[in-house]
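Working notes, structure below.
The values are calculated or read from the model by the stated rules, or taken from the named source; none is laboratory data. On a predicted model such as this, the values are computed, not experimentally measured, just so you know. All Cβ positions, glycine included, derive from the backbone under ideal geometry; neighbour counts span all protein chains shown. Each accessible area value is taken on the protein alone, full model and side chains, heavy atoms only, with ligands, DNA and RNA left out. Shrake-Rupley method; radii C 1.70, N 1.55, O 1.52, S 1.80 Å.
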Amino acid sequence: MISVEGLTVEFGGFTLFDDVSFVVNKKDRIALVGKNGAGKSTMLKIFAGLQTPTSGTVSVPKETTIGYLPQQMQLTDSRTVREEAEQAFGHIREMEKEIERLNLELAERTDYETESYQKLIDKVTHLSEHFQLLGGSNYHAELERTLIGLGFKRTDFDRPTSEFSGGWRMRIELAKLLLRRPDVLLLDEPTNHLDIESIQWLENFIATRANAVILVSHDRAFIDNTTFRTIEIELGSIYDYKVKYSEYVELRKERREQQLRAFENQQKKLADTEAFIERFRYKATKSVQVQSRIKQLEKVERIEVDEVDTAMLSLKFPPAPRSGSYPVIMENVAKRYGDHLIFKDVTLTINRGDKVAFVGKNGEGKSTLVKCIMDQIDYEGKLQLGHNVKIGYFAQNQAQLLDDNLTVFDTIDYVAEGDIRTKIRDILGAFMFGGEASDKKVKVLSGGERSRLAMIRLLLEPVNLLILDEPTNHLDMRSKDVLKDALREFDGTVIVVSHDREFLDGLVDKVYEFGNQRVVEHLGGIYEFLERKKMDSLRELERTAQVASSTTDTEVQPTQNKLSYEARKEQSKAIKKVEKAVAEAENKITELENSIAAIEARLATPEGASDTSLYNDYSSLKKELSDTMDTWTELTIELEELNEKASR
């Protein structure tokens, strides 16, 4: 589908890519990986046509459509959420108007036997078939399903986009992109603005609905669940692995070990050769052999060993001053903005040494409760910090709060105190700001570099309560691993607001779930919480029924309990029936897509291209696929509505 040949990109004498070649096939799911600055985002921009390589070509078939979601984009605020999302279907609406115009022309004309009238009928038929293939008038259902999947409520659809934060507006842009269903989807850090539930929905969308996908993400669980090919960018070259990320990590380790062995063997041979030359250089009887060895050395292709990122290997938080046994105690804490209630009746106790996660959909109050703990906003109820609690706070926008006009060194120098000032350059080097990088102005730093710099500031002061609000956004995988290890070793208390399941796994031992204006405590790790959540959603209807029955008169209670049991039983049967229908539709979609792919392969041959029956089969299968997709969409919406009803 996309062919990359001899791609070279240079910036001011620095080579980002050097003679890179590979091919992107239909239905590929590719993860672009490599450390920050390796060129992952640049590669996506080149595919999107937004950047031109120094040399080489990227060949894209004329009919291939490409959708690109950058890390940052300019957003407009002149429409409602629904109106903005409907921009994805502009081409369908134009086609609908054209069909209406042509049908009106057919109705007005009377020259039924003429060739031009017949051509008009053919044109209307072709457009109508194409219209149905693209979803036709069913796109409203798909639009609503996509917005709900990305975390919007139906009550949000008619709100102006200007009322939403930048993160939520990025979700609208992502929805538009997914609704366009491009042949190639380019996603640059798509999970940065999503919560765990929305990420899981996006994983399912990519697995079942997307075409070719190339993505950059530092969310290891996300790329492991969505991709099955990994392209590593390293020192200007690429290494193409036909496996998912977790398998690539093992293969890369093996590759480097092989390189090291080959490198060591070659170095030994080179040393022996150089020793021979040096020993016999001035002996006339050995001049022929010496010259031969010199020529051998010149021809040797030197083995290079992949660069290993050793930065931040020794990252460690300062020893935590001892705090009281209960750093945070809350009783009936509530927060309102005017008439809008964020949460209420929050009662919890965080013990010294606890490592806990705040999770839940965006907008449910995770960052708000953090601000209450920080005493940055007012609240109702009782919130008490323990004895000698010293807080270190990493906010979501911490990286944006840095002074753009300072250098990296000055940023740290201004906050460092005492003996630590003599070690600033060593600390910066450990965070990949060694040498000239420490003299860079903050305004030229990437998002990941800004986050690392903000993290350094956090390390300079001994604290015993760390509060980290989305600390992994823009950090590469190596940096996240080392931060996670350092947090594990930290002997103080940690509160992490994060949607990164892999980062939280093995780090936290308690999860606080934010939702429906409540905060619920769950003991155990993040994956235990997610498993429990699936079970709880099935039991939610039973809880609702119990609450309803407890408020009734005792004389009629047995009858109502029986009725509610029967109702629950019927609703459960209905959900299972629709779930089965959804699974059958998904299987049929897979079978049809495989059949279509097989016919496309035959049509690409000279024999197939001349076989008219193949075109008929192809058209029939595409129509059946479109109908099945519509059925799947309707069933999915029906299932969502049943589950919503069950959870009320």
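Please report, as a whole percent, how much of the solvent-accessible surface of the chain comes from carbon and sulfur atoms (probe radius 1.4 Å). Walk me through the numbers before you get to the answer.
Values: 16410 of 33890 Å².
Reported share for carbon and sulfur atoms: 48 percent.
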Stokes-Einstein diffusion coefficient of the range 173-267, Kirkwood radius over Cα pairs, 4 °C, 1.567 mPa s, in µm²/s: 86
Cβ crowding within 10 Å averaged over residues, with 522-534, 142-154, 274-286, 2-14 ranked highest first: 142-154, 522-534, 2-14, 274-286
Just grab the label-to-label distance for Leu401 and Leu348, each label 7 Å out from Cα along the Cβ direction, in nm (one decimal). 2.1
Which of the pairs Lys27/Lys242; Lys27/Lys123; Lys153/Lys573; Lys371/Lys441 have their Cα atoms more than 19 Å apart in this structure? Lys27/Lys123; Lys153/Lys573; Lys371/Lys441
Sorted largest first, extent of the range 77-172 alpha carbons per principal axis (Å): 59, 23, 18
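With r defined as the distance between the Cβ atoms of Leu104 and His130 and R0 fixed at 22 Å, what FRET efficiency is calculated, to the nearest 0.05?
Values: r = 19 Å, r/R0 = 0.86.
After rounding, the FRET efficiency stands at 0.70.
Using just the helices of the chain, give the 222 nm mean residue ellipticity in deg cm²/dmol: DSSP H runs with n ≥ 4 each add -39,500 (n - 2.57), and the total is spread over all residues, rounded to 500. Walk me through the intermediate numbers first.
Working: 20 runs with 310 residues, N = 648.
Taken over the chain, the calculation gives -16000 deg cm²/dmol.
From the convex hull of the Cα coordinates of the range 233-333, what is the mean projected area in square nanometres?
On the way: hull surface 58.9 nm².
That works out to 14.7 nm², a quarter of the Cα hull's surface.
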Which Rg and Dmax, in Å, describe the Cα atoms of the range 320-410? 15.6, 46
Which of the helices in the chain, when you take each full DSSP H run, stretch at least 20 Å along the axis at their Cα atoms and have an average Kyte-Doolittle score of -1.0 or higher? 90-108, 115-133, 166-180, 526-550, 557-603, 612-647
Taking 41 Å as R0, compute the FRET efficiency from the Cβ-Cβ separation of Arg79 and Ser620 and round it to 0.05. 0.60
Long-range alpha-carbon pairs in the range 1-136, meaning those over 20 Å apart, account in percent for 66
Could I have the simple spin-label model distance between Leu235 and Val415, label points 7 Å from Cα toward Cβ, reported in nm to one decimal? 3.5
Subtracting the Cα-Cα distance from 0.36 nm times the residue separation, let me have the gained length for Ser116 to Glu96 in nm, one decimal. 5.1 nm
If you project the alpha carbons of the range 393-511 onto their three principal axes, what span does each projection cover, largest first, in Å? 40, 29, 22
Which Cα, out of Gly6, Gly37, Thr125, lies furthest along the positive dipole direction of the chain (beta carbon charges, K/R +1, D/E -1)? Gly37
The answer for the chain, accessible area per residue at 1.4 Å probe in Å², is 52
Filtered hits (lysines, Cα-Cα < 18 Å from Lys286, offset >= 8 within chain) -> Lys295
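Find how much the distance from Lys580 to Thr57 grows on full extension, using 0.36 nm per residue of separation minus their present alpha carbon separation; answer in nm with one decimal.
Details: separation 523, 0.36 × 523 = 188.28 nm, distance 4.68 nm.
Contour length minus the Cα-Cα distance gives 183.6 nm.
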Give a quick list of GluC sites (Glu not before Pro) in the range 45-112 that DSSP marks as loop, anything other than H, G, I, E or B, with at most 14 other Cβ atoms within 10 Å. Glu63
